[in-house]
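First comes the structure, then the notes that go with it.
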Amino acid sequence: MDLTLSHEQQLLVQTVRDFIAEELAPLENEVEESGALAQEHADRIFAKSRDLGLYAMNIPEEFGGGGLSAFDTMLVEEQFGRTSDILIRRAFGNVYEVLLACEGAQVDRWLTPAVRGERVCSIAITEPGAGSDAASIRTKAVEDGQGGWRLSGSKHFISDGLVSDFFVVSAVTDPDKGAKGISLFLVDKGAPGLTIGRDQPMMGLRGTSHVELHFDDVPLKPIHMLGARGMGFRMALGVLGRVRLAQVGARSIGKATKVLDLMIDYARERKQFGQAIGEFQLVAQMLADSAMEINAARLALWQTALEIDAGKDPRTRISLVKVQAAETLGRVVDRAVQVFGGMGFCKDLPIERYYRDARIYRIFDGTSEIHRTVMGRSLMKGEPGLYDPFA
Ligand SMILES: Cc1cc2nc3c(=O)[nH]c(=O)nc-3n(C[C@H](O)[C@H](O)[C@H](O)COP(=O)(O)OP(=O)(O)OC[C@H]3O[C@@H](n4cnc5c(N)ncnc54)[C@H](O)[C@@H]3O)c2cc1C
């Protein structure tokens, strides 16, 4: 097994690094301070990203996307993790693979405009009463007797909700079937009965929104159902897994790597007691532990991406990577604050920002506890593949 990147893959990584250095890095401080990206910058970033084939790179070429393999997508996503999330949102878009379930007229109405960056999409699953237990949602779609549906209920924490043009919404269609009675619907902003509620203030996150949604008897036609009836829970779990690997796994590793770069620079420059602080073994250990953990997390990420490209469905391993990468990032940023001392706590440097931003990675897209539960269940079923390739 050879983990050396091919020439094309090295070129891809270099292209993204150059794109970040030339187009995104110069804007980082401005957008982080203001929490917003000026329209002229947003338009330029989007145009350049499309030219480079980075926008919607995860979507197959036949639908107008970049057609990258899962492995190459992770290479790009790791680099994206090194810059500001506000900028990445415009450079990459959030074209969720769940939209690939679009069929017939749905393709032109929802999938293609999302891939072209003309329409923004959010995923709306979480409700005030149903978070980790996503099968216990109360939003329901009741048949209207004419082939359509009436949608009622509420969601919350829906990312990008203020700028979204449409939402993929989970709703109960068959109450007596449990998780198999949940379906997905494509609901346009502006649908009668849909109210976009409060933007819920969040720790550390800037330049995005997390909204409440209220559905009051929203009329839906058959075209609004995404995928087959009753498959919503399965689709959400399966397809969002890949998003989890990219946007939490790879980006956490990219952020942790960037933070370790900054820690090493500081440990070499900062002198106390007449020597660089990195020469104190207690400080050097923090650098070494961070390097070990980042390397292990990346290898697990690559292994999982290769399994996806080989046609496997490594959803338990995705849970492993999600937890490992998010918790590695948490430990690395915590050490970074320590290595930078008072400057790590001071807003003059970006370390305190990285520290705050890292916290969400252990919560969204399934908490660490839920993913550990998934792994534990698999191990108890006697599936040692998670840790033993020889079994
Ligand atoms: C910034 C942000 C963005 C988000 N974006 C979206 C979005 O775009 N779309 C969307 O649908 N949702 C979104 N979410 C929701 C997110 O996915 C949920 O917050 C997450 O799944 C946890 O659900 P919860 O907050 O209801 O916590 P709860 O499920 O109430 O969990 C609370 C605590 O109990 C623990 N717990 C729960 N069940 C178990 C168990 N069985 N075993 C052990 N421990 C358990 C959890 O791990 C956690 O520690 C977002 C959330 C945030 C904060």
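Nothing in this text is a laboratory measurement; each read-out follows from the coordinates by a stated rule. All of these numbers come straight from a predicted model, not from anything done at the bench. All Cβ positions, even for glycine, are placed from backbone atoms using ideal geometry, and neighbour counts span all protein chains on display.
For Leu194, the amide hydrogen comes within under 5 Å of the amide hydrogens of Asp216, counting only partners 5 or more places away or on other chains and with H modelled in the peptide plane.
Find, among the chymotrypsin sites (Phe, Trp or Tyr not before Pro) in segment 121-192, those assigned to loop by DSSP (not H, G, I, E, B) with at most 16 other beta-carbon atoms within 10 angstrom. Working shown, then result.
Working: sites: Trp149, Phe157, Phe166, Phe167, Phe185; in loops: none.
In loop regions of segment 121-192 (DSSP not H, G, I, E or B), there are no sparsely surrounded chymotrypsin sites (Phe, Trp or Tyr not before Pro).
Between Glu269 and Ile363, what FRET efficiency follows from the Cβ-Cβ distance if R0 is 51 Å, with the result rounded to 0.05? Rounded to the nearest 0.05, the efficiency is 0.90.
Scalar couplings 3J(HN,Hα) for segment 370-375, obtained by applying the Karplus form with A = 6.51, B = -1.76, C = 1.60 to θ = phi - 60°, are 5, 5, 5, 4, 4, 5 Hz; x denotes Gly and Pro. When the chain is treated as a GNM with alpha-carbon contacts under 10 Å, the residue of Gly274, Gly81, Gly366 showing the greatest mean-square fluctuation is Gly274. Bridgeable lysines around Lys347 (alpha carbons under 20 Å apart, same-chain partners fewer than 8 residues away excluded): Lys255, Lys258.
Which of rounded, prolate or oblate describes segment 119-226 when judged by the alpha-carbon gyration tensor and an a/c cut-off of 1.5? The shape class here is oblate. Axis angle, to the nearest 10 degrees, between helix 251-269 and the longest C-alpha principal axis of the chain: 20 degrees. Annotation: aspartates and glutamates with alpha-carbon distance below 14 angstrom to Lys271 (same-chain offsets under eight excluded): Glu279.
Helix 281-309 and the long axis of the chain differ in direction by around 40°, with both axes built from C-alpha atoms. Segment 1-78 and segment 281-333 have Cα centres spaced 21 Å apart.
Computed on segment 234-381, with alpha-carbon pairs under 8 angstrom and 6+ residues apart, the relative contact order is 29 percent.
Label separation (Asp43 vs Leu5): 3.3 nm, computed from points 7 Å beyond Cα along the C-beta direction.
For Lys177, the lysines whose Cα comes closer than 16 Å to its Cα, not counting residues fewer than 8 places off in the same chain, are Lys140. How much net charge surrounds Asp199 when only other residues with a Cβ under 11 Å from its Cβ are counted (Lys, Arg +1; Asp, Glu -1)? With Lys, Arg at +1 and Asp, Glu at -1, the neighbours total -1. Summarising the strand pairing of the chain, around 85 percent of its internal DSSP beta bridges are antiparallel. Free of any GluC sites (Glu not before Pro) that DSSP assigns to a loop and that have at most 15 other C-beta atoms within 10 Å, the longest stretch within the chain is 119-391. I want the local charge near Glu32. Using Cβ-Cβ distances under 15 Å, sum +1 for each Lys or Arg and -1 for each Asp or Glu among the other residues. Summing Lys/Arg as +1 and Asp/Glu as -1 gives +2. The GNM of the chain, with springs linking C-alpha atoms under 10 angstrom apart, assigns the highest mean-square fluctuation among Val332, Val13, Val259 to Val13.
In percent, what relative contact order does segment 1-92 have, based on Cα pairs under 8 Å that are 6 or more apart in sequence?
Working: 72 pairs, mean separation 32.8, N = 92.
Once divided by the residue count of segment 1-92, the mean separation gives 36 percent.
Here, the chain has an Rg and a Dmax of 21.7, 81 Å when only alpha carbons are counted.
Residues whose amide H comes within less than 5 Å of that of Phe157, counting only those at least five positions distant or on another chain, are Val211, Glu212 (H built at 1.01 Å from N in the peptide plane). Pairing the Cα long axis of helix 315-340 with the longest principal axis of the chain, what angle in degrees results, from 0 to 90 and rounded to the nearest 10? Helix 315-340 sits at roughly 40 degrees to that axis.
Note on the chain: with a GNM built from Cα contacts shorter than 10 Å, the maximum mean-square fluctuation among Asp72, Asp365, Asp265 falls on Asp265.
Under the combined filter of DSSP loop state and at most 11 neighbouring Cβ atoms within 10 Å, segment 260-366 retains these chymotrypsin sites (Phe, Trp or Tyr not before Pro): Phe273.
Across all Cα atoms of segment 234-381, the radius of gyration (one decimal) and Dmax (whole number) stand at 17.2, 60 Å.
Across segment 158-169, coupling constants 3J(HN,Hα) worked out from phi with the 6.51/-1.76/1.60 Karplus curve, θ = phi - 60°, read 7, 5, 6, x, 6, 9, 6, 9, 7, 10, 8, 10 Hz, and Gly and Pro carry x.
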